[in-house]
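Worksheet for the structure shown next.
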Amino acid sequence: MAAPSPRPVVAVVGATATGKSALAVALAQRLGGEVVNADALQFYRGMDVGTAKVTEAERGGVPHHLLDVMDVTEEASVARFQEETRVLFTEIRGRGGTPILVGGSGLYVRAALDVLEFPPTDPAVRAALEAELETRGEAALRAELAAVDPESAAKVADARRLVRALEVHRITGRPFSAYMPRREYAAEAAPAVQLGLRLDRAALHERIAARVDAMVADGFLGEVRALADRGLREGPTASRAIGYREMLAVLDGELTLAEAAEQTVVATRRFARRQETWFRADPRVVWVDALDPTLVEHAVAAVAAAAASSPAAPTAPLD
């Protein structure tokens with residue numbers, strides 16, 4: 001008898017402030033699931049107010065993974081995240097649970113779910129190529145890349161990417177283009193279903209403004225002040241986060257708190273548009289109305305449909 005298919009990984013995606021975290025908790029409660037964070041900024045300890053990180057009360061007793069796992073001085077790694085999430089998917093399924101991946105960091109979601117291989121790097125090889133760039137010139141390196149990887153040669157637009165493409169080929173013997181992601185669920189994630197939360201642009205803008213106001217009222221500036229004492233400014237990922245860089249400018253006397261809040265709202269709205277563009281480009285995302293009063297029921301039905309269409313149905317019911 002063939003082994004049954006595992007429970008699907010459920011990814012809750014979409015723009016910031018659409019209610020992803022709340023839906024993830026509700027689904028986990030309904031499906032016997034555990035939440036896996038895919039918001040790169042919520043990896044960081046102490047970055048709570050400015051990332052709208054779910055509190056213990058908001059988690060509703062649901063286990064949450066990959067929250068508060070890094071110091072602000074550390075750099076987030078998509079490759080490491082991929083390894084950790086896929087281990088978690090296996091462990092959660094092994095406990096009979098449903099993995100609920102949640103976050104708006106598009107690349108991290110794809111790394112967790114899709115066939116996405118990260119090409120290696122070698123500082124010595126890169127240094128040699130950078131030296132060749134100086135001595136032989138960009139045209140010679142472009143000709144070399146065109147001979148071994150014409151697809152990448154047609155796309156690279158600057159010397160940095162040119163060096164990177166040649167570095168990968170010299171290390172692996174494979175073209176850099178062979179590492180391009182495919183919209184295909186990896187074996188460790190399949191079966192999977194992506195639920196995208198859809199919200200009218202005007203309503204989303206209102207939510208973003210209200211969220212930033214609430215962050216300021218909840219002590220966002222104090223949070224950033226404390227994190228600055230712990231090395232926030234030196235953090236290659238954390239220091240560039242929307243809101244945090246603006247609050248650092250307040251501490252430096254470059255902005256008023258009101259100006260920082262307004263700039264945070266504007267930057268967050270731009271970021272939300274990029275998130276929407278990213279996720280809408282994926283035809284596999286099942287879109288649901290964030291304001292639908294029966295949102296959870298519709299989401300559960302979408303998960304059940306995905307499970308039923310997988311090669312073999314799960315042994316345990318999904319609701």
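When residues of the range 61-112 are filtered for being assigned to a loop (DSSP other than H, G, I, E, B), of a type in the set (Gly, Ala, Ser) and under 16 Å from Val10 (Cα atoms), how many remain? Looking only at that region, the number is 5.
Close Cβ contacts (under 9 Å, 6 or more residues apart or on different chains) running from residues in the range 77-94 that are closer than 13 Å to Pro6 by Cα to residues that are of a type in the set (S, T, N, Q) and buried (at least 16 other Cβ atoms within 10 Å of the Cβ) comprise Ile92/Thr98.
Of all residues in the range 12-58, those that are touching a Ser or Thr at 6+ places or on another chain (Cβ under 9 Å) and without any contact (Cβ under 8 Å) to a residue 40 or more places away in the chain total 4.
Within the range 146-161, restricting attention to residues that are under 28 Å from the mean Cα position of the chain (by Cα) and of a type outside the set (Gly, Ala, Ser), the residue that is surrounded by the most Cβ atoms within 10 Å (Cβ to Cβ) is Val156. Scan the range 104-117 and tell me whether some residue there is closer than 16 Å to Arg80 by Cβ and among the acidic types (Asp, Glu). Among the residues of the range 104-117, at least one is closer than 16 Å to Arg80 by Cβ and among the acidic types (Asp, Glu), which makes the answer yes.
Only helices (runs of 4 or more DSSP H) whose full extent lies in the range 204-319 are considered here, and the ones with at least 3 residues that are polar (S, T, N, Q) and at pLDDT 95 or above are 257-280. If I go through the range 177-195 residue by residue, how many of them are in contact with an Asp or Glu (Cβ under 6 Å, 6 or more places away or on another chain) and over 30 Å from Asp289 (Cβ atoms)? The qualifying residues number 2.
Take the conditions more than 22 Å from Arg198 (Cβ to Cβ) and at pLDDT 95 or above and apply them to Gly46. Does it pass?
Values: more than 22 Å from Arg198 (Cβ to Cβ): yes; at pLDDT 95 or above: yes.
Against the criterion (more than 22 Å from Arg198 (Cβ to Cβ) and at pLDDT 95 or above), Gly46 qualifies.
Could you check, for the range 162-171, whether at least one of its residues is assigned to a strand (DSSP E or B), crowded, with 18+ Cβ neighbours inside 10 Å and touching a residue at least 24 places away in the same chain (Cβ under 8 Å)?
So the first thing to find is which residues in the range 162-171 are assigned to a strand (DSSP E or B), and the list is none.
Looking for residues that are assigned to a strand (DSSP E or B), crowded, with 18+ Cβ neighbours inside 10 Å and touching a residue at least 24 places away in the same chain (Cβ under 8 Å), one finds none in the range 162-171, hence no.
The values are calculated or read from the model by the stated rules, or taken from the named source; none is laboratory data. Given the structure is predicted, the values throughout are model-derived calculations rather than measurements. Please note: Cβ atoms are built from the backbone with ideal geometry, for glycine as well, and neighbour counts cover all protein chains shown.
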